[in-house]
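Written out below as structure tokens is the structure these notes cover.
The values are calculated or read from the model by the stated rules, or taken from the named source; none is laboratory data. On a predicted model such as this, the values are computed, not experimentally measured, just so you know. Using ideal geometry, Cβ is built from the backbone for each residue, glycine included, and neighbour counts are taken over all protein chains shown. Each accessible area value is taken on the protein alone, full model and side chains, heavy atoms only, with ligands, DNA and RNA left out. Shrake-Rupley method; radii C 1.70, N 1.55, O 1.52, S 1.80 Å.
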Amino acid sequence: MSSVEVRDLAVTYAGVGRDVRALSALTLEVADGEPVAIIGPSGCGKSTLLLALAGLVRADEGELLVGGEPVRAPRRRTALILQDFGLLPWKTVAHNAALGLEVRGVAVGERRRVVAEALERLGIAEFADSYPGELSGGMRQRLALARALALDADLLLMDEPLSALDALTREDLQNLLLQMWRQRGHTVLLVTHSIEEAVFLGRRVVVLSPRPGRVAAIVDNPGMGDESFRNTPAFLERCVKLRRLLAAEGAFAGPALAGRVS
Amino acid sequence: MNAWLRRLGGYAAATLILLVGWELLSLAVGSQALPGPVPALTDFARLFFSDLLPHTGISAWRVVASMVIGAALATPLGLVVGRSPRIDAVFAPLIFLTYPVPKVVFLPVLLVLLGIGNLPKIALITLIVFFQILVTARDASRGIPTSAVLSVRSLGATRWQVFRHVVVPAALPDIFTALRISTGTAIAVLFFSETVAGSEGLGYYIIDAWSRIAYSEMFAGIIAMALLGVVLYELLEVAEGRVCRWTRVGR
Ligand SMILES: Nc1ncnc2c1ncn2[C@@H]1O[C@H](COP(=O)(O)OP(=O)(O)OP(=O)(O)O)[C@@H](O)[C@H]1O
Ligand SMILES: [Mg+2]
């Protein structure tokens, strides 16, 4: 069970000089095995929401439940994938994929077996002894997914995981993410800046308001689930609808040259 | 292996250039105090086993022990200080106040406290290496990307595991660079401290030859000291290549 319940969540960062309220009264429910895309203006607290769900940022107010259990610390089967993939350049591909298991004290033999299988499934087995610096962007992303697979994650929290990739690789990996979800049926919270990606990978698309982030709208997206969805009029229609919603939230209105805060 | 050959070839060429330059300089100066490479190398070969090797051994042991102790103490301390804002608040001013003080000035004190043997020399060089590594380790651990730490923590890593898997390896290349840079300082301070007190070590040997006006012997000692520096530097380079293999990829 890996349903997600967020109730009246508020998170405040103690910034230099003044405090920053990143999230305020955010309420969201995600069913077990449901893929949800989250989109919203830059700086509205999307990353913060994922970090809170991963047990890395403390909630000031409200409740956070994963699988019915309050989140107080990193949960065993929650995988967090950040924009730069969070790989360690000093560890080999196999070692990176095994890190979650190692940290949890899984025996070496078991670790090897599980990791070999995960790397195999993601098509990077031949690079097991390379370093991340020797991989292409797409393969690094696959490695980050292999790490999640090795942990047998049932909740995938992804923060703009594909935004550093070129268009072709990105589409390839969007297909891979979809395929993995269809095979495994894990719960997904995917933060993205791409409207198309949100519509392709989210059964529901959650639109957040500008900071402090709250849920501004939720778009149902029942057509999602097939690679060919991309080429249908329904897909385009939904993208247009989402773009309008985002414009209404002022997502495109920010000062043109304002620095992006990740 | 090819890389090794190329490296050796580089050293051979550089040595040749240095020797020719030295010969020309010595001819131009025309002074007893600057003999050419031929007499110096002749004395180097003649005195190698009897004098140079024992003195070099003692000097090498002093410098290596100091660097190992200095790095072993400073690395963990610097990393912890850099990672913890609370500890840093206390330690940073302390470091900023003490780092710029030239540690050599403590040699007289150390000589009084620790005698004239190995101890004051090792203590002095350790002190110098310690501060260089401390500052480097602190800076390196502050510069570690948050995303790497968050990712590893999200896997359930404890503080100690974050240290072991992220902080230490991330800082290692910088530590090695600092160590390589401090070999120069360490050997300079070694020379100084050996000329001031004691009757062992290359510093003593060089100054002793100088006082006996045995200039070609003095240069044999200088060659030995230079070699000590080169060997230490190369050893660190090799060790870094072994320990930090990932930094060599894609070059
Ligand atoms: N560690 C931190 N300390 C202080 N303030 C922070 C910290 N992390 C984020 N913030 C602030 O909290 C707010 C929300 O940040 P967050 O990274 O969650 O936004 P985001 O929606 O992910 O933005 P982006 O789309 O640009 O990635 C921002 O205003 C940011 O400046
Ligand atoms: Mg973000």
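Worth pointing out:
- All conditions but one from (1) surrounded by 15 or more Cβ atoms within 10 Å (Cβ to Cβ); (2) more than 16 Å from ligand 2 (Cβ to nearest atom); (3) hydrophobic (A, V, I, L, M, F, W, C); (4) closer than 19 Å to A:HIS186 by Cα apply to A:MET1; the one that does not is (1).
Each row is one residue, and each column tells you yes or no for (1) open to solvent by 20 Å² or more (accessible area, probe 1.4 Å); (2) among the acidic types (Asp, Glu).
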{"residue": "A:TRP90", "(1), (2)": "yes, no"}
{"residue": "A:VAL93", "(1), (2)": "no, no"}
{"residue": "A:GLU102", "(1), (2)": "yes, yes"}
{"residue": "A:VAL108", "(1), (2)": "yes, no"}
{"residue": "A:ARG111", "(1), (2)": "yes, no"}
{"residue": "A:VAL115", "(1), (2)": "no, no"}
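- Taking region B:1-120 as the region of interest, the helices (runs of 4 or more DSSP H) fully inside it that hold 2 or more residues being open to solvent by 60 Å² or more (accessible area, probe 1.4 Å) and among the hydroxyl-bearing types (Ser, Thr, Tyr) are B:2-29.
- Filter result for B:ILE116 (touching a residue at least 60 places away in the same chain (Cβ under 8 Å) and assigned by TED's automatic domain parsing to the domain that holds B:PHE191): yes
- Answer residue from region A:43-70, given it is of a type in the set (Gly, Ala, Ser) and away from chain B (no Cβ under 13 Å) and is surrounded by the most Cβ atoms within 10 Å (Cβ to Cβ) among those: A:GLY45
Okay, residues lined up against (1) more than 28 Å from A:GLY55 (Cβ to Cβ); (2) assigned by TED's automatic domain parsing to the domain that holds A:PRO35; (3) over 19 Å from the mean Cα position of the chain (by Cα):
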residue: A:LEU101; (1), (2), (3): no, no, yes
residue: A:VAL106; (1), (2), (3): no, no, yes
residue: A:ALA116; (1), (2), (3): yes, no, yes
residue: A:ARG121; (1), (2), (3): no, no, yes
residue: A:PHE127; (1), (2), (3): yes, no, yes
residue: A:PRO132; (1), (2), (3): no, no, yes
residue: A:MET139; (1), (2), (3): yes, no, no
residue: A:ALA144; (1), (2), (3): no, no, no
residue: A:ARG147; (1), (2), (3): no, no, no
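- Flag if A:LEU80 is modelled with pLDDT of 95 or more, touching a strand residue (DSSP E or B) at 6+ places or on another chain (Cβ under 9 Å), more than 15 Å from A:LEU176 (Cβ to Cβ) and within 12 Å of chain B (Cβ to nearest Cβ): yes
- Condition check for A:VAL66: over 30 Å from A:GLU249 (Cα atoms), touching a helix residue (DSSP H, G or I) at 6+ places or on another chain (Cβ under 7 Å) and away from ligand 2 (no atom under 16 Å from the Cβ): no
- Checklist (1) in contact with a helix residue (DSSP H, G or I) (Cβ under 9 Å, 6 or more places away or on another chain); (2) away from every other protein chain (no Cβ under 13 Å); (3) within 16 Å of ligand 2 (Cβ to nearest atom) applied to A:PHE85, failing item: (2)
- Here A:ALA251 passes the criteria (1) open to solvent by 50 Å² or more (accessible area, probe 1.4 Å); (2) within 16 Å of ligand 2 (Cβ to nearest atom) except the one numbered (1).
- Lone unmet requirement of (1) surrounded by 17 or more Cβ atoms within 10 Å (Cβ to Cβ); (2) away from every other protein chain (no Cβ under 14 Å); (3) acidic (Asp, Glu) for A:ASP166: (1)
- Residue within region A:187-205 that is more than 16 Å from ligand 1 (Cβ to nearest atom), in the same structural domain as A:MET158 (by TED's automatic domain parsing), hydroxyl-bearing (Ser, Thr, Tyr) and open to solvent by less than 50 Å² (accessible area, probe 1.4 Å) present: yes
- Region B:149-240 holds helices (runs of 4 or more DSSP H) entirely within its bounds, and those carrying 3 or more residues that are within 14 Å of another protein chain (Cβ to nearest Cβ), over 30 Å from A:ARG72 (Cβ atoms) and in contact with a Ser or Thr (Cβ under 8 Å, 6 or more places away or on another chain) map to B:168-196.
- Filter pass, A:ALA148 being hydrophobic (A, V, I, L, M, F, W, C), within 16 Å of ligand 2 (Cβ to nearest atom) and modelled with pLDDT under 95: no
- Screening region B:200-215 for residues that are over 22 Å from the mean Cα position of the chain (by Cα) and open to solvent by 30 Å² or more (accessible area, probe 1.4 Å) and picking the one that is nearest to B:PHE44 (Cα to Cα) gives B:TYR215.
- Per the conditions (1) touching a Gly at 6+ places or on another chain (Cβ under 7 Å); (2) within 16 Å of ligand 1 (Cβ to nearest atom), the sole criterion not satisfied by A:VAL71 is (2).
- Count of residues meeting criterion [more than 11 Å from chain A (Cβ to nearest Cβ) and either in a helix (DSSP H, G or I) or farther than 30 Å from B:PHE96 by Cα (or both)] in region B:139-148: 4
- Criterion violated by A:GLY100 - all others in (1) within 16 Å of ligand 2 (Cβ to nearest atom); (2) within 13 Å of chain B (Cβ to nearest Cβ) satisfied: (1)
- Once region A:26-40 is narrowed to residues that are part of a loop (DSSP other than H, G, I, E, B) and either open to solvent by 10 Å² or more (accessible area, probe 1.4 Å) or outside the structural domain of A:PRO210 (by TED's automatic domain parsing) (or both), the residue that is nearest to ligand 2 (Cβ to nearest atom) is A:GLU34.
- When A:GLY17 is tested against (1) within 14 Å of another protein chain (Cβ to nearest Cβ); (2) within 12 Å of ligand 1 (Cβ to nearest atom); (3) open to solvent by 10 Å² or more (accessible area, probe 1.4 Å), just one condition goes unmet, and that condition is (1).
- Complete set of residues in region A:50-62 that are modelled with pLDDT of 95 or more and either within 18 Å of A:SER209 (Cβ to Cβ) or within 11 Å of ligand 2 (Cβ to nearest atom) (or both): A:LEU50, A:LEU51, A:ALA52
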